[in-house]
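Student: Please read through the structure below; I'll follow up with questions.
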Amino acid sequence: MRKVGYIIILAALYCIALTIFSGRQWYSDTLSYIAAWDNSISHLTIDKWRPPVYPLFIGALKFCFGQYFLTAGVVVQHIVFLVSIWYFHKLTALVTSSEKIAFWVTAFYALYPCVATWNCFVVTEPFTIYATIFLLYFAYQVKCRQRVGDVLLFTFWLLFIIFLRPASMYMLPVFIVAWGMLFVSSSRQKRQSLWAAAGVLAVSACLLLYMYAFKQQYGIFSPSGIGVINKYYIARLDGDIDPSKTDHQALRTFVEESIATHGVKYSGGTDHDLYMETEEAIRIAGLTEVSQLVSRSQSIGTNIRRFFSRIHYAAGNRLFCTLLHKWRNLTDLFGLQLNTVYLLLIIYPLVVIPWMISRRRLAWFSSVLYMLGWSHLFVILFACQNVWDRLILPAIPFYLLMFGQLMNSLKACVNREVKYL
């Protein structure tokens, strides 16, 4: 564990250099988090666009640091990043059973110009990545130890992630299945499986209550209005919007004019901002009408065809991307693409499943990683806008841990036994 100290020291110097030379970077999403705190959450009401966790962070920064709250946010994110390195290294060492592999995978996570650069932006990506690491660490500890504290910390980080970034709600069914698998497969771990599953159900109940409150205020059963923006944006981009499917005259007229001006399929290349068109449609008709228009315009076959085409187009997007232009040329030159994730998800079960069959034993944590990795990829390809290089970021811990395990398997072919946990 001493070696990880060197990584953390180098990462701290890296963060200091980022703070000095890049400072606080501006991103448009930051405005919406500030507005969510100022206009809604500070008044104890639900915001239309943003769930409460990150706006609460903004509010705490404003209270503590006044006009310098955004700069303070960058510093806090750097500090949490350094803490996450220790947890990530410990988790990697546990699941790969190799200190050397854990060292190099952790060094990549900490020092490659991707994760740390996002600390310069006051957006949810940094906290989502770090909270995912904490969640995985305590999920592993729940499996290994019968401690109530581990269950509570697992539940806390799951709740934190869901209300930080609602797209992560796929974790709820994954962990229900995961704890059910552990309950069935292990006679010694039934108690912690039940307690952890109860934690997942408690988080699910909190989410359902929040979605019900959202429906009472805004008319749709959802954790935020961003989902409606994504639905309209994707459908409009792919030419799936049929304005005749709505009875709202103003919305029908607006969509017809947009299609007449910018085409059935929006391909860009003009001053027209499709995101602004989406927001304007919602302003005219409300979340419910826009959501219903998209749903009525699409069929199951349309959604399936669109999903496979998005798999194809997403493959060439960057993996481990950064928004800092100083680093982007380097990462583009030596970086990877999303098709690397496709390849990883294909190879991984080809290695793990034979191991489980030969030993008649469930590789529980490996199975959890695999389910989480597939679920995240499915959600961003099916339900989100086409900024897949940014949307894949919260899943980085899943893929790095799986890669570390595969490297350990390769090493085991030469000199020692491999195990999956």
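Student: Can you tell me how many residues in the range 1-11 are open to solvent by 30 Å² or more (accessible area, probe 1.4 Å), part of a helix (DSSP H, G or I) and in contact (Cβ under 8 Å) with a residue 24 or more places away in the chain?
Tutor: So the count comes out to 3.
Student: Residue check: is VAL76 among the aliphatic types (A, V, I, L, M) and without any contact (Cβ under 8 Å) to a residue 40 or more places away in the chain?
Tutor: When the stated conditions are applied, VAL76 passes them.
Student: Residues in the range 103-129 that are free of Cβ contacts under 8 Å to residues at least 60 places away in the same chain and more than 20 Å from PHE398 (Cβ to Cβ): how many?
Tutor: Number of matching residues: 0.
Student: Could you list, in sequence order, the residues of the range 356-383 that are over 15 Å from the mean Cα position of the chain (by Cα) and aliphatic (A, V, I, L, M)?
Tutor: Those that are over 15 Å from the mean Cα position of the chain (by Cα) and aliphatic (A, V, I, L, M): MET356, ILE357, LEU362, ALA363, VAL368.
Student: For the range 110-156, name all the residues that are among the hydroxyl-bearing types (Ser, Thr, Tyr) and either under 16 Å from the mean Cα position of the chain (by Cα) or more than 30 Å from ALA36 (Cβ to Cβ) (or both).
Tutor: Scanning the range 110-156 gives TYR112, THR124, THR128, TYR130, THR132, TYR140.
Student: Of all the residues that make up the range 25-60, how many are of a type in the set (D, E, K, R), closer than 17 Å to PRO126 by Cβ and crowded, with 18+ Cβ neighbours inside 10 Å?
Tutor: 1
Student: Shifting gears a bit: Does LEU194 fit the bill of being under 21 Å from TYR54 (Cα atoms) and either of a type outside the set (S, T, N, Q) or open to solvent by less than 70 Å² (accessible area, probe 1.4 Å) (or both)?
Tutor: In short, no.
Student: Also: Starting from the range 299-313, keep only residues that are closer than 15 Å to CYS384 by Cα and open to solvent by 40 Å² or more (accessible area, probe 1.4 Å), then list their pairs with residues that are of a type outside the set (Asp, Glu) and not in a helix (DSSP H, G or I) whose Cβ atoms are within a distance under 8 Å, requiring at least 6 positions of separation or different chains.
Tutor: TYR313/ASN386
Student: Which of the residues spanning the range 40-60 are of a type in the set (Phe, Trp, Tyr) and at pLDDT below 95?
Tutor: Within the range 40-60, TRP49 is the sole residue that qualifies.
Student: Follow-up. State all residues of the range 300-319 that are within 18 Å of the chain's Cα centre (by Cα) and not in a helix (DSSP H, G or I); if no residue qualifies, say none.
Tutor: ALA315, ASN317, ARG318, LEU319
Student: How many residues are more than 28 Å from the chain's Cα centre (by Cα), open to solvent by 20 Å² or more (accessible area, probe 1.4 Å) and within 28 Å of PRO166 (Cβ to Cβ) when one looks only at the range 226-257?
Tutor: 4
Student: Right, something else. Just give me the residues in the range 13-53 being within 19 Å of the chain's Cα centre (by Cα) and touching a residue at least 12 places away in the same chain (Cβ under 8 Å), in sequence order.
Tutor: Of everything in the range 13-53, those that are within 19 Å of the chain's Cα centre (by Cα) and touching a residue at least 12 places away in the same chain (Cβ under 8 Å) turn out to be TYR27, ASP29, THR30, SER32, TYR33, TRP49, ARG50, PRO51, PRO52, VAL53.
Student: Could you say which residue among PHE160, PHE127, PHE156, PHE138 is part of a helix (DSSP H, G or I), within 30 Å of PHE21 (Cβ to Cβ), open to solvent by 10 Å² or more (accessible area, probe 1.4 Å) and not basic (Lys, Arg)?
Tutor: Matching residue, one of PHE160, PHE127, PHE156, PHE138: PHE127.
Student: Separate question: Which one of THR19, THR106 is among the polar types (S, T, N, Q), open to solvent by 10 Å² or more (accessible area, probe 1.4 Å) and assigned to a helix (DSSP H, G or I)?
Tutor: Unique residue meeting the criteria: THR19.
Student: Then there's this: Can you name the residue in the range 61-88 that is aromatic (Phe, Trp, Tyr) and within 30 Å of PHE138 (Cα to Cα) and, of all such residues, is surrounded by the most Cβ atoms within 10 Å (Cβ to Cβ)?
Tutor: Across the range 61-88, the extreme among qualifying residues is PHE88.
Student: Would you check if LYS265 is open to solvent by 60 Å² or more (accessible area, probe 1.4 Å), touching a Leu at 6+ places or on another chain (Cβ under 9 Å) and over 23 Å from SER222 (Cβ atoms)?
Tutor: yes
Student: Then there's this: Say we look at the range 268-280 and pick out the residues that are open to solvent by less than 60 Å² (accessible area, probe 1.4 Å) and at pLDDT below 85; which of these is nearest to SER28 (Cα to Cα)?
Tutor: Filtering first and then ranking leaves LEU274.
Student: A follow-up question, please. Could you please give the count of residues in the range 199-245 that are over 30 Å from ARG305 (Cα atoms) and touching a residue at least 24 places away in the same chain (Cβ under 8 Å)?
Tutor: Adding up the residues that qualify gives 13.
Student: Name every residue in the range 1-59 that is among the aliphatic types (A, V, I, L, M), farther than 28 Å from TYR112 by Cα and touching a helix residue (DSSP H, G or I) at 6+ places or on another chain (Cβ under 9 Å), in order of residue number.
Tutor: Residues satisfying the conditions are ILE34, ALA35, ALA36, ILE41, ILE46, LEU56.
Student: So, in the range 22-58, of the ones that are hydrophobic (A, V, I, L, M, F, W, C) and not in a helix (DSSP H, G or I), which residue ends up farthest from ILE229 (Cα to Cα)?
Tutor: Top of the filtered list is LEU44.
The values are calculated or read from the model by the stated rules, or taken from the named source; none is laboratory data. Predicted model, so just to flag it, every value in this text is computed and none were measured. Neighbour counts run over all protein chains shown; Cβ positions are idealised from the backbone, glycine included. Ligands, DNA and RNA are stripped out before the accessible areas are found, and what is left, the full protein with its side chains, is counted by its heavy atoms. Shrake-Rupley method; radii C 1.70, N 1.55, O 1.52, S 1.80 Å.
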